[in-house]
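Beneath this line is the structure, given in structure tokens, with notes to follow.
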Amino acid sequence: MKQRAVVSLVLTLITCAPLAASEKLEPIPNRLVVLTFDDSVKSHFTVAGPILKKYGFGATFFITEGFTFKTNKKDYMTWEEIRQLHDDGFEIGNHTRDHMGVNPSNLDKLKEQLQAIDDQCKKHGIPKPTSFAWPGNSITDKAFPILQEHGINFARRGGSPEHDYDPGRGYAYQPGEDHPLLIPSAGDARPKWKMKDFVDAVLQAKQGRVAVLQFHGVPEGEHPWVHTPQEQFEKYMRYLYLNKCKVIAVRDLAKYVDTTQTIDNPWAIVRKRQQEFQDQLAIANKLRHANQHAEEIERQCEETCRPQRRRRLFEIFKPLRQRLFRRCR
Ligand SMILES: [Zn+2]
């Protein structure tokens, strides 16, 4: 009898024990997309917000009072408009007061920069931001303790250093490999982007990876190099809708990602991707050379071989060249 009571007590304790953070997490579905909008641009309120609402998408708007925010209300939102985005269910994130590129020499100013945005949020009835976007693609792990102390759970960066800034390309976020304070943008929209650029970024959202997308103005005011035309943006959002993507804000990643998990070396995954990219380039170059070599043999044969031999050689080369061409692209 006593033994049964002990077993019963143990079972009760097991079933009532609190779950570890990782056990409460949902598995990351394929096509999980995070939308982010930087720099408090007016069209976030007038254009992007209404389109996102139409589709029921989540998104994070990263707010700064930098550039000409304080005086130029043609190109930048008012705090009342930012508050309206919050009321509409979107996340308001912190992008520093002055759009300060964070580096080891100005860490002493970071707390004040974050606090200024928090204070404005409080004044306008917006919760204290828990997501951060690194301004101007400047990143340093020396800032992690300050961000963590400030209650920041997630911080999004651009596509660099793995990719160059200009094309706006990037890798999908790999929880467990990427540090939650160094979340890469899988795509950072550019005016010359075609649908393929957008789709390439989104299609990375599979096998536990999340496509975090970065936009600026839709349209952009002061920074034309990160402009997205409204018609193009509408096509992008329609693609996400038709392809049944789950579209969320940065804060919603907490459902899928254990933010307490430590990443010993946050730069290891960055270096690994850079190495893989170099290896792929080397293979592509070899294939290109092989293709040129095949072209040369074909040309020589055209001049010297008998017709029957030429036909046979072309039969062998044609599928080979097609394969090489596909891999070289
Ligand atoms: Zn910015």
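Could you pull out the pairs from Lys24/Lys128; Lys73/Lys128; Lys192/Lys235; Lys192/Lys286; Lys73/Lys194; Lys42/Lys109 whose alpha carbons sit more than 19 Å apart here? Could you put the intermediate results ahead of the total?
Numbers: Lys24/Lys128 24 Å; Lys73/Lys128 24 Å; Lys192/Lys235 14 Å; Lys192/Lys286 30 Å; Lys73/Lys194 30 Å; Lys42/Lys109 27 Å.
Over 19 Å apart, Cα to Cα: Lys24/Lys128; Lys73/Lys128; Lys192/Lys286; Lys73/Lys194; Lys42/Lys109.
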TODO: Taking every pair of alpha-carbon atoms in the stretch 57-161, give the share separated by more than 18 Å as a whole percent.
DONE: 46 percent
Open item on the list: What aspartates and glutamates does Lys255 reach when the alpha-carbon gap must be under 12 Å and sequence neighbours fewer than 8 apart in one chain are set aside?
Closed with: Glu23, Glu26
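Please report the equivalent ellipsoid semi-axes of the stretch 72-228, computed as sqrt(5 x eigenvalue) of the Cα gyration tensor, largest first, in whole Å.
Each semi-axis is the square root of five times an eigenvalue, giving 24, 20, 16 Å.
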TODO: Just report the Cα centroid separation between the stretch 67-84 and the stretch 153-176, whole Å.
DONE: 27 Å
Open item on the list: In 20 Å bins starting at zero, report the fraction of Cα pairs in the chain per bin as a rounded %.
Closed with: 27, 46, 19, 7, 1
- [ ] Calculate, axis by axis, the spread of Cα positions in the stretch 184-329 along the three principal axes, and write the results as whole Å, longest axis first.
- [x] 69, 43, 32
Open item on the list: How long are the semi-axes of the equivalent ellipsoid of the stretch 275-328, defined as square roots of 5 times the Cα gyration tensor eigenvalues? Whole Å, largest first.
Closed with: 28, 11, 5
Open item on the list: Bins of 10 Å, beginning at zero and ending with the bin holding the largest distance: percent of Cα pairs per bin for the stretch 164-248, please.
Closed with: 18, 50, 29, 4
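Read-outs throughout are calculated quantities, based only on the coordinates presented, and are distinct from any laboratory measurement. Since we're looking at a predicted model, the values are computed, not measured.
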